Amino acid sequence: MNTELIKNIKSIFINKFKTSPILVFSPGRINLIGEHTDYNDGFVFPAAIDKEIHFAAAKNDVNMFRFFAADLNESFELKVDDLAVTKTPWANYLLGVAAQYKKAGYPLKGIDCVFGGDIPLGAGLSSSAAIENGFALVLKEIFKFNISKMDMVKMAQKAEHEYAGVMCGIMDQFASMNGKKDHAIKLDCRSLEYEYVNIDLHDYNILLCNTNVKHELASSEYNTRRKECEIGVQILKKYNNKIIALRDVSLQMLEQYRDEFDPIVFNRCKFVVKENLRVEDAFSALVNNDILSLGVLMYQSHEGLRDDYEVSCKELNLLFDIAKKSDDVIGSRMMGGGFGGCTINIVKKDKVRSFTESVIQKYNKLTGIDPEIYTVKITDGTGLI
Ligand code: GLA
């Protein structure tokens, strides 16, 4: 945990609000494999990472939400009774969570909150889920609400739907809340059953390469992909009414009814069905210490996201190509929703430095943009400090 960050957030809070706060941290996440499968009732394989948002918060007696985003140096105020979507995007993440508590009948009162952290924004590392989860815990702790972790996860996801307009699945909020040090989580997004798997990559490290771009169409295309998957389900449902989501579809079935599909919708569905299978395979590979197979599956995942699901972009593809050509890397793929953000790479430990240098040089030469490279540790989920 980044103790400097916590101290900073706490001291900003005390300076502003002259009272002693509770402290909460909430991590970002990576996803080893299983992209765009969560909202298809499928499988994902994420983990929480040591990039975090920290919160300092306390009740106030003026019945106001008073927030301060330390990284932006911006304040926000709203009467608790006026709770609604506002024109301040960052505040909406917090308000969206408060709105879920309100809807569920929890009594809300005034609260002061300062937050900030080191999760790069728009990098596909789920800074928004970390904020939502963190604030869900802040409210639970301050008002002593009796609510389970899973219900907080669901509220955080709903906050994203209703206050940020992104119809996200449950992966990000789940992983940030339920992270466990040195473990990835294989999650069944239908039953919400999950299993922790120790991540021991032996001679390899997980390295994230941030394109430092986030293309505008990210959220609109995300919602479009959801609809395309739904169209696929509707076609197949005619033949088997047990099909509720692409999770229930086999490759064989998809092929059988191919003629009824628009080719684009077909490709979207094909990707999801294959990606679900890859999560199962990646899980077995990790359990069997077969890191090389995990890497191969990651390459395949990227190729599907690029060619069939079409959520990659030229910057992500460039980072992928650089990684794939390197002898020091055994797996690489774009991560998260797409259209920018990071690739996740499995890189030989003793080559991390030279690989990093070569990525920076090659990526900059071809795009004029400086990428950022991070090694990450796998950490515990959202908690009180
Ligand atoms: C975003 C969403 C997640 C998931 C990924 C793609 O991160 O928030 O729910 O759908 O994209 O796997």
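Some notes on this structure:
- Under Stokes-Einstein, with the Kirkwood radius over Cα pairs as Rh, the value for the chain at 20 °C and 1.002 mPa s is 100 µm²/s.
- Cα centroid of segment 309-385 to Cα centroid of segment 1-65, whole Å: 24
- Top of F65, F261, F45 by mean-square fluctuation, Gaussian network on the chain, Cα under 10 Å: F261
- Rounded if a/c under 1.5, otherwise prolate or oblate - segment 205-245, Cα gyration tensor axes: oblate
- Within the accessible area of segment 262-370 (1.4 Å probe), percent carbon and sulfur: 49
- Label-to-label distance, nm, for residues given as E357 and K242 (7 Å Cα→Cβ offset): 5.8
- Each helix, a run of at least 4 DSSP H residues, gives -39500 (n - 2.57); summed and divided by the residues of the chain, these come to -14000 deg cm²/dmol at 222 nm.
- Rolling a 1.4 angstrom probe over segment 142-220 with all protein chains present gives an accessible area of which 46% lies on carbon and sulfur atoms.
- Charge sum, other residues only, whose C-beta stays under 11 Å from K314's C-beta, Lys/Arg counted +1 and Asp/Glu -1: -1
- Once the Cα gyration tensor of segment 270-385 is diagonalised, semi-axes √(5λ) in Å: 22, 19, 16
- Helix runs (DSSP H) in the chain reaching 15 Å along axis by Cα, Kyte-Doolittle at least -0.5: 3-17, 89-103, 127-143, 263-287, 291-307, 314-325, 352-367
- For segment 114-270, the relative contact order comes to 16 percent (Cα pairs under 8 Å, sequence separation of at least 6).
- Compactness index (Cα Rg / 2.2 N^0.38 Å), segment 3-199: 0.98
- Within the chain, DSSP assigns beta bridges of which about 90% are antiparallel (rounded to the nearest 5).
- Applying 0.36 nm per residue to the separation of K144 and K227 and subtracting their alpha-carbon distance, the gain on full extension is 26.0 nm.
- Rounded to the nearest 0.05, the FRET efficiency derived from the C-beta distance between K348 and D370 at R0 = 22 Å is 0.40.
- Förster radius 30 Å - calculated FRET efficiency between H215 and S75, Cβ distance, rounded to 0.05: 0.50
- Diffusion of segment 13-60 by Stokes-Einstein, at 20 °C in a medium of 1.002 mPa s and with Rh set to the Kirkwood radius over alpha-carbon pairs, works out to 159 µm²/s.
- Debye log10 I(q)/I(0) for segment 164-277, one point scatterer per Cα, at q = 0.10, 0.17, 0.22, 0.23 Å⁻¹: -0.43, -1.05, -1.24, -1.27
- Top of E74, E52, E310 by mean-square fluctuation, Gaussian network on the chain, Cα under 10 Å: E74
- Under the combined filter of DSSP loop state and at most 11 neighbouring Cβ atoms within 10 Å, segment 100-169 retains none of its GluC sites (Glu not before Pro).
- The label-point distance for K325 and I264, in a model that sets each label 7 Å from Cα toward Cβ, rounds to 3.1 nm.
The values are calculated or read from the model by the stated rules, or taken from the named source; none is laboratory data. Quick caveat, the model's predicted, so the values are computed rather than measured. Here the Cβ is made from the backbone with ideal geometry for all residues, glycine too, and neighbour counts use every protein chain on show. For the accessible areas, the whole protein counts, side chains as well, though only heavy atoms, and no ligand, DNA or RNA atoms are used. Shrake-Rupley method; radii C 1.70, N 1.55, O 1.52, S 1.80 Å.
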